[in-house]
Structures are given as structure tokens and as C-alpha cells.
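K.L.:
Structure incoming, see below.
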Amino acid sequence: MLWITAAAAAIGFGTLYLYVACSRIGFPFDLEWGEGLFVDHVARVVRGQSIYVEPSINFVPLVYTPGYYYLAAGAALVFGVGIATLRAVSIGCSLALFGLLIAFGRRECGRTIDAVVLAGVVAGCYAISGAWLDIARVDALLLLLVFGAAFLVRHREGTASLIAAGALLAAAALTKQVALTLAPPVLLYAVIRHGRRGLVASASWAGALAVGIALLQRESHGWFLYYTFTVLSKAQTAWTERPMAFWTSDLFGRFPIGTAMGLAWSAIAWRFSAWRDWTFHVVFTWGVLMSTWEARIHPGAWFNTLIPALIVLALGMVRLARVVDLQVPGLGGGLVVAQLALLVYNPSSFIPGPTQWKAAADVVDLMRRVPGDVLFADHAWWSTLAGKRSHVHEMPMRDLFAAHDAWGDRLRDQVRRAIEAQQFDLIIQDSPDWFAVPLGSHYQPFGQLLPVRTALRQQVGNPIYPATVYLPRRRSVQWPPAPLAQEPH
């Protein structure tokens, strides 16, 4: 009965995830401050422009590899360039991931109900991992590729499956670089399970990755590795001051029963399964945990980095729960139900309401009515929505400045000259501590952007919001701008 309850709760969490995702897919503005920047990248691909180019005040690319951009660009050719298209790609990848986890769980646990529970627990982790799987970012695709490769190595025979697994891991690394640390446990287990033939997966991974990098380097005239390796390695060298918080606050604090049971299963699995089975749970679980820990301890990392760890811990929890039930009937299922109960969340906190819709539309309307150029560096995509020219986004600009090299210095000079020349009729900032150069001598704050200051607080990620309006000091710009002239009927 407890497992039926767990399965019902799991299906409920899956349904709840779909409800939230479908309720906000059409919100035409950022749910998280990087979404619009991903749309800018996809738009460049659709227009046939290179992503990795010399940095300028008009565009600086993210330090991510481009797999998600190209996949989303394919969808955009059919459905149009926009945030909704990118979110649809992420939702599709997340649903495919849930289907993969059901297949994984069925093979690992031997019962369909256990597989449904596994997928439902992961769906239930939506809130504690930042409500991230359905937004216009790379994570859902990354997870699908990595766990797809793990499934092939674990549950498929034949050389073709090993080649495919290596190719999927290479595609994952060309989607987000964290896959470089997620690949080793999969490739190691390939050798453990398949012997020397398992090295085929490593060869496939290395070959596909090398070809992909070479092609991207050639297409970008050398800029690809500058951004995805040089800038990234210089910008993300610091560690947080609380490295143990990953274990205490993130895992045990957010997913206590699942973490305890998942870790316990990795320690005792050898007592209940053949060595080629239990080594998977040791190698893969701890490999993923170490990779996730390394990603999470960098300043600025958000809760989305926890998702791979939550998946492997959920798998261990379901496996151990069945073993516990054999010793104490009902205890294992009861623990799973208890963990599911701890994951319950209010979906309305992640869905934009009428206030957010109106506030966002009002901001775009204000920007549209400004006669000249607008700089909205925290949400550059909004300039495009307002029919304005888009400029550099703060996120990749911060990374470039953190690299402390000549290209960052040149970009800072470009921004400084534009500010000194008062190139922009309007600057909108999320925070008063501006990202590049002081504004005070050339622009003056003109109050808050909206009557309700927090009306556009981001619902995913860091809860920032557009707050302050800056106008040029040396020339008169009307604020609020005059309404646009109505077109004659």
C-alpha cells in the first residue's frame, strides 16, 4: 500500500511539474535573468552569425559550449525565435529525461512501480533544485545526454552502444563543460562492466569531442576556446568559503531522507548484488556527487547544480527502500513516502501572476517610447522586445572582466566611452553598484522603474529585479517618455 501511495505521489509531482511548466512557458519575459541572453545566442545562430566573436558593447557570448543553442535554433527555425521556443526545448528534454529514468528504474529495480517512483521523486525535486528544468537554459539537455550515456553503458550490450555512449558524453561536454567531470565515472564503469571493450566508449568520447572542438575553433576563428576555456578557467577559480554546505545545507538540508538512503546504498550495495552491479552504484554515485560538489562550491552557482546528485541519490533511495522492506516490511516504502511529503511545494510561487505580466509589459512599453538607445544590461533581451538594439549582457561581461586580460580591458574602455558620450537615452539597472564604470558623472538616477519596486522580482535563480532608472546629465530626456503616436485607422 505504501508503494502505491508513493507511486500516486510521484505521478502527482510529475503532473504538478507539467502544470507549472505549461503555466509559464508563454511568459514573454525572463523568469531567470539569463534566459533572454540564451535567446540572443539562438537568434545569432538562426541569422547565420557566429556566437564566439570579438567582445564588444553590442555582444559578448556566454562561456558555455553551444550544444543547446544549436538544438534550440533548429526548433526556432520552425516555431520562431523567442523564450517560449527555448522553454519548449527544455521541457521536451526534461520529459525525455523522466522517461529515461523510468527505463533506468525498471532495469535497476525490476518493478515498474519503483521506476515511476524514481522519476516522480526527481520531478518532486523541482522546487529544491531551483525550478530550473523548464526554463530557457541548458540543464535539461545536459542531464538527458549524461544519463542517456550512463543508461547505455549500464544496460546495453554491444560495441555500437558504447560508441553511442561516448558520443552522448561528448555532446554533453559541448553543451556545458561540467559534463567533462561527469564523464569519467561513466567511462570508468564502461571498462569495469565491459572489460577492455569498454575503452571504445572513451575513444568515441575523445574522438567526437576533439572533432567538435576543432570545428568550433575553425568556425569562430579561434574565439571558441578563448571563451569556453580561457575566460572560464580564469573567471571561476574561486571557491566558496563554505565548501561543506553542499553536504549539510544542500543535500541533507533539502533532501534529507533521500541523501541518507542514497549514500547508504552506495556503501552496502555490495552485500546485495553482483560486483558489476554494485560497482556502478559506487562509481557512478560518487563520481556524480564529486562533480556536483565541484560545480556547486563556486561563487554564483545556483541550486540547479544539485540536480545530477539528486538523481543518483534518488536511485539509491529506491533501491535501498526495497531491501529495507525485506527486513522490516513497510519501513522502506514509508521512508520514500516521507521523503516525497517533504518535497511538497506551492506551485503558485513559481508562476508569474497578473502583476508580473502587467509590470513586464509596462517596462517594455516604456522602453519602446524612449526615442534613443536603451541599455538594459541585466535583461538585454527586453531591448529586442521593445524594438531596440540589444547590447551586451552583464553576465558574460562580468566573466570577461574577471579574466583580467586585454580583451576585458578593451571592452571596459568601450563601455566607458559610451557612458562618457552619453550614448544611451536610458539605462535601467537591477542594482546600484554598476558592473563596468561609474555612472555618477554622466548619468543621474531618476527614481525607481516601477511603482512597486519588486514587481518584477525574478522567480527563478537569484531574486533580482529591474529597479533604477538612469538618465543622461547633459541633455534632456523626458521621463516617463511620451506615449507613441497612434497609427491612423
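K.L.:
Need one number: nm distance between label points at residue 457 and residue 355, each 7 Å from Cα along Cα→Cβ, rounded to one decimal.
P.N.:
Placing both labels 7 Å along Cα→Cβ, they lie 0.9 nm apart.
K.L.:
Please state the relative contact order of segment 352-472 as a whole percent: Cα pairs under 8 Å, 6+ residues apart?
P.N.:
Values: 166 pairs, mean separation 31.9, N = 121.
26 percent.
K.L.:
Place +1 on the Cβ of every Lys and Arg and -1 on the Cβ of every Asp and Glu in the chain, take the dipole about the Cα centre, and give the residue among 127, 98, 342 whose Cα lies farthest towards its positive end.
P.N.:
The listed residue farthest towards the positive side: 98.
K.L.:
Can you pull out the trypsin sites (Lys or Arg not before Pro) in segment 1-50 whose DSSP state is coil and whose Cβ has at most 13 other Cβ atoms within 10 Å?
P.N.:
Numbers: sites: 24, 44, 47; in loops: 47.
Taking segment 1-50 and a limit of 13 other Cβ atoms within 10 Å, the loop trypsin sites (Lys or Arg not before Pro) found are 47.
K.L.:
I'd like the trypsin sites (Lys or Arg not before Pro) in segment 351-443 restricted to DSSP loop residues with at most 13 other Cβ atoms within 10 Å, sorted by number. Show your work: numbers first, answer last.
P.N.:
Numbers: sites: 358, 368, 369, 388, 389, 398, 410, 412, 416, 417; in loops: 388, 389.
Within segment 351-443, the qualifying trypsin sites (Lys or Arg not before Pro) (loop, at most 13 other Cβ atoms within 10 Å) are 389.
K.L.:
If we count GluC sites (Glu not before Pro) as exposed when they sit in a DSSP loop and have at most 12 other beta carbons within 10 Å, what is the longest stretch of the chain that avoids them all? Don't skip to the end; give the middle numbers.
P.N.:
Details: sites that count: 157, 241.
Between exposed loop sites, the widest span is 242-489.
K.L.:
Mean 1/r over all different Cα pairs, inverted: what Kirkwood radius does segment 38-168 give, in Å?
P.N.:
It works out to 16.4 Å.
K.L.:
Size of segment 1-40 along its principal axes in angstrom, Cα-based, largest extent first?
P.N.:
Each principal axis gives a Cα extent; for segment 1-40 these are 50, 15, 11 Å.
K.L.:
Counting pairs of alpha carbon atoms under 8 Å apart in space and at least six apart in sequence, what relative contact order in percent does the chain give? Before the final figure, lay out the partial values.
P.N.:
Details: 770 pairs, mean separation 88.5, N = 489.
Answer for the chain is 18 percent.
K.L.:
Further question on the same structure: For residue 270 and residue 474 in one chain, what is 0.36 nm times their gap in residues minus the Cα-Cα distance, to one decimal in nm? If you can, show how the numbers build up before the last one.
P.N.:
Values: separation 204, 0.36 × 204 = 73.44 nm, distance 7.40 nm.
Here the answer is 66.0 nm.
K.L.:
For the chain, what is the Kirkwood estimate of the hydrodynamic radius, computed as the reciprocal of the mean inverse distance between distinct Cα atoms, to one decimal in Å? Please report the intermediate quantities before stating the final value.
P.N.:
Values: mean 1/r = 0.0416 Å⁻¹.
Over the chain, the inverse of the mean reciprocal pair distance is 24.1 Å.
K.L.:
Can you give me the pair-distance distribution of segment 281-364, C-alpha pairs, 5 Å bins, whole percents?
P.N.:
3, 12, 13, 13, 14, 15, 10, 8, 5, 4, 2, 1, 0
K.L.:
Suppose the chain between residue 404 and residue 70 were pulled fully straight at 0.36 nm per residue; how much longer would it get relative to their current alpha carbon spacing?
P.N.:
Working: separation 334, 0.36 × 334 = 120.24 nm, distance 2.96 nm.
In short, 117.3 nm is gained.
K.L.:
At 0.36 nm per residue, minus the direct Cα-Cα distance, what do residue 420 and residue 103 gain on full extension? Give it in nm, one decimal, please.
P.N.:
Working: separation 317, 0.36 × 317 = 114.12 nm, distance 5.92 nm.
Net length gain for the segment: 108.2 nm.
K.L.:
Oh, and also: Can you list which of the DSSP-assigned H helices in the chain have a Cα extent of 20 Å or more along the long axis and an average Kyte-Doolittle score of at least -0.5? Mind dumping the intermediate values first?
P.N.:
Details: long enough: 2-24 (33 Å, 1.29); 83-109 (38 Å, 1.26); 139-155 (23 Å, 1.80); 159-173 (21 Å, 1.89); 179-194 (22 Å, 1.29); 199-219 (30 Å, 1.15); 275-296 (31 Å, -0.02); 307-327 (30 Å, 1.62); 354-369 (22 Å, -0.44); 406-420 (21 Å, -1.15).
Counting only whole DSSP H runs, the qualifying helices are 2-24, 83-109, 139-155, 159-173, 179-194, 199-219, 275-296, 307-327, 354-369.
K.L.:
So, R0 is 41 Å and r is the distance between the beta-carbons of residue 112 and residue 214; what FRET efficiency does that work out to, to 0.05?
P.N.:
Working: r = 44 Å, r/R0 = 1.07.
Plugging the Cβ-Cβ distance into 1/(1 + (r/R0)^6) gives 0.40.
K.L.:
Tell me the trypsin sites (Lys or Arg not before Pro) within segment 118-209 that lie in a loop according to DSSP and have at most 15 other beta-carbon atoms within 10 Å. Show your work: numbers first, answer last.
P.N.:
Values: sites: 137, 154, 156, 176, 193, 196, 197; in loops: 137, 156, 176.
Those that pass, being in a loop and sparsely packed, are 156.
K.L.:
Kindly provide the Kirkwood hydrodynamic radius of segment 352-472 in Å, to one decimal, from all pairs of distinct alpha carbon atoms. Don't jump to the answer; show the numbers that get you there.
P.N.:
Details: mean 1/r = 0.0667 Å⁻¹.
In segment 352-472 this quantity evaluates to 15.0 Å.
K.L.:
Related question: Taking only DSSP H segments of four or more residues, each worth -39500 (n - 2.57), what value at 222 nm results for the chain once the sum is divided by all its residues, to the nearest 500 deg cm²/dmol? Before the final figure, lay out each step's value.
P.N.:
Working: 18 runs with 274 residues, N = 489.
When only DSSP H runs of four or more count, the value is -18500 deg cm²/dmol.
A short reminder: the numbers here are calculations on the coordinates, not readings from a lab. These numbers come from a predicted model, not from an experiment. Cβ coordinates were reconstructed from backbone atoms using ideal geometry, including for glycine residues, and neighbour counts include every protein chain displayed.
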